[in-house]
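Engineer: Sharing a structure with you now.
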Amino acid sequence: MEAIRPDKHYTYADYYGWDDGKRYELIDGTAYLMEPAPLWEHQDIGSILNTLLGVFLMGKPGKVFHAPFDVRLNADAGDDTVLQPDLAVFCDRSKLSGTGCVGAPDMVIEILSPTTASRDKVLKFNWYLQAGVREYWIVDPEAKSIQACYLNHGGYDVKVYAGVDEVPVRVLEGCVIDLAKVFV
């Protein structure tokens, strides 16, 4: 396999063929190496959120998936962006395909890590907004907070939750996440 180069433009076809044992995200054709393994707090928060959402969705048509899971936001255009969110929720199963999805999830959750925080807050934020992800949560393990971004008329309304707040999952009517269970 040819070495991944920062000056080369890649597509999903390139990405899908990489077999060097490493995980990447592809944003606007640029390959970003994923960290080998997140901190245990990151893993714990992701596991708790996955469980809470999964239990809520049991017996319902929606599904929640955790990384690695290919989210191809522009598959119909250049197909040069493949994201690996920590969690992705789908109300519409028709978007699911192979190792991920084609199109925007209804909800995405990114848990901040020191090496990926700026990418999650800026690059991915803009991609999720542009793609029409209806709900985007940025979870900060250090601050023990969730920045919930709710799509509204082409922009995100942002609300920050912390402490013992309960966070409504607007794409899943009736679902509320108790932060006291998440940040333990």
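Engineer: For region 37-182, report the translational diffusion coefficient in µm²/s to the nearest whole number, using Stokes-Einstein at 20 °C, 1.002 mPa s, and a Kirkwood Rh over Cα pairs.
Structural biologist: 140 µm²/s
Engineer: Okay, moving on. Of the listed peptides 66-74, 139-147, what is their order by residue-averaged count of other C-beta atoms within 10 Å, with the highest listed first?
Structural biologist: 66-74, 139-147
Engineer: Restricting the count to DSSP beta bridges whose residues both fall in the chain, what percent are antiparallel, rounded to a multiple of 5?
Structural biologist: The answer is about 80 percent antiparallel.
Engineer: Moving on. Net charge around PRO105, counting only other residues with Cβ within less than 13 Å of its Cβ (Lys, Arg = +1; Asp, Glu = -1)?
Structural biologist: Values: positive: LYS63, ARG72, ARG93, LYS95, LYS124, ARG134; negative: ASP70, ASP86, ASP92, ASP106, GLU110, GLU135.
After counting each charged neighbour, the total is 0.
Engineer: Using 1/(1 + (r/R0)^6) with R0 = 30 angstrom and r between the beta carbons of ASP19 and GLU166, what's the FRET efficiency to the nearest 0.05?
Structural biologist: Approximately 0.10, to the nearest 0.05.
Engineer: If you don't mind, another one. Residues with beta-carbon under 9 Å from that of PRO141, excluding PRO141: net charge, scoring Lys, Arg +1 and Asp, Glu -1? Each step should come with its number before you reach the end.
Structural biologist: Values: positive: LYS144; negative: GLU41, ASP44, ASP140, GLU142.
Result for the neighbourhood of PRO141: -3.
Engineer: Ok, one more. How much net charge surrounds HIS9 when only other residues with a Cβ under 13 Å from its Cβ are counted (Lys, Arg +1; Asp, Glu -1)? List each step's numbers first, then the result.
Structural biologist: Details: positive: ARG5, LYS8; negative: ASP7, ASP14, ASP28, ASP79, ASP80.
Charge balance near HIS9 sits at -3.
Engineer: Using θ = phi - 60° and the Karplus curve 6.51 cos²θ - 1.76 cosθ + 1.60, what whole-Hz ³J(HN,Hα) does each residue of region 44-51 get, with Gly and Pro shown as x?
Structural biologist: Residue by residue, region 44-51 yields 5, 4, x, 5, 5, 4, 4, 5 Hz.
Engineer: Another one. If I take R0 = 22 Å and measure r between the Cβ atoms of GLN130 and ASP92 in this structure, what FRET efficiency does the formula 1/(1 + (r/R0)^6) give, to the nearest 0.05?
Structural biologist: On the way: r = 19 Å, r/R0 = 0.84.
The calculated FRET efficiency here is 0.75.
Engineer: Also, quick follow-up: Rounded to the nearest 500, what is the chain's calculated 222 nm mean residue ellipticity when only DSSP H runs of at least 4 contribute -39500 (n - 2.57) each, over all residues?
Structural biologist: When only DSSP H runs of four or more count, the value is -5500 deg cm²/dmol.
Engineer: Tell me, what is the FRET efficiency for ALA143 and LYS60 to the nearest 0.05, using R0 = 25 angstrom and their Cβ-Cβ distance as r?
Structural biologist: 0.20
Where a number appears in this text, it was derived from the coordinates with a stated rule and is not lab data. The structure presented is a predicted model; accordingly, all values stated were derived computationally and were not measured. Because the Cβ atoms are built from the backbone with ideal geometry, glycine has one as well, and the counts that use them run over all protein chains shown.
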